[in-house]
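The values are calculated or read from the model by the stated rules, or taken from the named source; none is laboratory data. If you're wondering where the values come from, they're calculated on a predicted model, not measured in any experiment. So basically every Cβ, Gly included, is an ideal-geometry build from the backbone, and we count neighbours across all protein chains shown.
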Amino acid sequence: MRVITYGTFDLFHEGHRRLLARAKELGTHLTVGVTTENFDDARGKLNVHQSLMERIRNVQDSGLADEVIIEEYEGQKIHDLQKYDIDVFAIGSDWLGAFDYLRDYCEVVYLDRTKGISSTELRAEKRAVVRIGVVGSGRIANRFAAEALFVSGIHVEGVYSRNPDNVRRYAERHQLAVQASSYSQLLANVDAVYIATPHETHYDYARQALSQGKHVLCEKPLTLQADQAAMLTKHATDRGLVLMEAIKTAFAPGFQRMIAVARSGSIGDIRSVDATFTKLEYGDLRELRGESGGSISELGSYPLLAIIKLLGTDYLDVSTYSTRDSESGVDVFSRIDLVYPHAIASARVGLGVKAEGDLVVGGTKGYLYVPAPWWKTEYFEARFEDQTQNKRYYYKFDGDGLRYEIAEFVSMITSGSTETFKLRPTESIAIARIIENARSRAISFG
């Protein structure tokens, strides 16, 4: 029986070795495909540390592969199965169902990737893999676990939620080793946490984690109060820990390039920024309930990110206009206007209402237009009165986009950096301050 498996095999650790060992047990000959840098980039794999030759050597040194091949392009697996007369295709169970199409060519087996691998074994490697725990078990938390598969150097170790049934289901779905019955138990088993709980809980969860020496990646908004965001930032800085707000747009390649083009002077001095983010559908009514509900707290971080990155944090005034839900009283559509010394910006957000979700950056020479959904920037245009000077820009936005923030978070931890230019702590504090101001001082209708 001839068996084949594939992977990046970056920072080769005990989990990789056990996967290869289990694959080898399925037959008499094991072929291992190692992905090239170009293929990893094409499929959205981020933060790969080692070269192709180093990763091939990782596999060879394990002594488990009878043959090592290189995977270079999408669709190669079908070709390889036939070329090498393969009987069994084996892959980690975190890809469950993704390769069922190969059953036309051979048997497909999904192997448990994480069961029985201890945290000590993962941390004992030459370059430690960051063990991260997920706090929360909702939609975005599930997306996080799926996106983390595309980032090298991170291992989702466990999950904690206030609902034990949700913990069990989440851990089983994502093959996690730790089903924490308390937050302290989760913290004891990880190096970092990803906080994906209701907005009003972010501060306490982040503070506890930082106090225990854990790095924190926290969903937006970081907090609903600026002073709490500032306290968390100081807490992290004093301890040399990473505290990063998970606004995925900030870390996307297309958005980063758009900011660079806008601030390079190619469209002149920026005089206006208009950003809109609305949505008709949401998973439950949480966004419309409680003290932390509403369009500003749910969506405001995105357009405010664009404004802050383009115009800075030194605004002169903020005014907000909101329409409110007749039953819950929370804002369902809001416009936040910011006045700067030489520019005016407007952020529009809405739940249960739909408007054109674009971003327009006006300058003294031209303007940038980013079509909906601009927060997943894949394409934008620089437009001028002389249309022959117009320019189009295209960039990748892989998956759900969370992989970009995860990669930056891991990179900061491994490099020992506590700040990234892509989203500075002062910018997160400024966004929290605007959100706090907008929610408390809005002129309301309806």
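Could you say which residue among I70, I86, I4, I78 is hydrophobic (A, V, I, L, M, F, W, C) and within 30 Å of A252 (Cα to Cα)?
That would be I70, the only listed residue that is hydrophobic (A, V, I, L, M, F, W, C) and within 30 Å of A252 (Cα to Cα).
Would you point out the residue of the range 421-446, among those that are in contact with a helix residue (DSSP H, G or I) (Cβ under 6 Å, 6 or more places away or on another chain) and part of a loop (DSSP other than H, G, I, E, B), that is surrounded by the most Cβ atoms within 10 Å (Cβ to Cβ)?
Residue satisfying both the conditions and the ranking: L423.
Would you point out which residue out of T223, T201, T233 is in contact with a Pro (Cβ under 7 Å, 6 or more places away or on another chain) and in the same structural domain as E157 (by TED's automatic domain parsing)?
T233
Looking at the range 270-300, which of its residues are of a type in the set (A, V, I, L, M) and either at pLDDT below 90 or over 20 Å from the mean Cα position of the chain (by Cα) (or both)?
Answer for the range 270-300, where residues must be of a type in the set (A, V, I, L, M) and either at pLDDT below 90 or over 20 Å from the mean Cα position of the chain (by Cα) (or both): I270, V273, A275, L280, L285, L288, I296.
Quick one: is L310 in the same structural domain as I435 (by TED's automatic domain parsing), part of a strand (DSSP E or B), at pLDDT 95 or above and surrounded by 18 or more Cβ atoms within 10 Å (Cβ to Cβ)?
no
Just to be sure, is K365 within 21 Å of the chain's Cα centre (by Cα) and either among the small types (G, A, S) or surrounded by fewer than 22 Cβ atoms within 10 Å (Cβ to Cβ) (or both)?
Here the answer is no, as K365 does not meet what is asked.
What single numbered condition from (1) out of contact with any helix residue (DSSP H, G or I) (no Cβ under 7 Å at 6 or more places or on another chain); (2) among the aliphatic types (A, V, I, L, M); (3) surrounded by 21 or more Cβ atoms within 10 Å (Cβ to Cβ); (4) under 29 Å from A442 (Cβ atoms) fails to hold for A355?
Every condition holds for A355 apart from (3).
Using beta carbons and a limit of 6 Å, which pairs, at least six apart or on different chains, have the first residue in the range 408-422 and more than 12 Å from H49 (Cα to Cα) and the second one in a loop (DSSP other than H, G, I, E, B) and hydrophobic (A, V, I, L, M, F, W, C)?
Matching pairs, first to second residue: M412/V242; I413/V242; T418/V242.
So which residues in the range 143-152 are in a helix (DSSP H, G or I) and under 20 Å from I91 (Cβ atoms), if there are any at all?
The answer is A145, A146, E147, A148.
If only one of S428, S411 is under 28 Å from M231 (Cα atoms), within 21 Å of the chain's Cα centre (by Cα) and at pLDDT 95 or above, which one is it?
Exactly one residue qualifies, and that residue is S428.
Please work out if I267 is more than 19 Å from the chain's Cα centre (by Cα), crowded, with 24+ Cβ neighbours inside 10 Å and not acidic (D, E).
no
How do the helices (runs of 4 or more DSSP H) wholly within the range 159-211 filter down when requiring 1 or more residues that are of a type in the set (S, T, Y) and surrounded by 22 or more Cβ atoms within 10 Å (Cβ to Cβ): which remain?
Once the helices (runs of 4 or more DSSP H) in the range 159-211 are filtered for at least 1 residues that are of a type in the set (S, T, Y) and surrounded by 22 or more Cβ atoms within 10 Å (Cβ to Cβ), what remains is 164-174.
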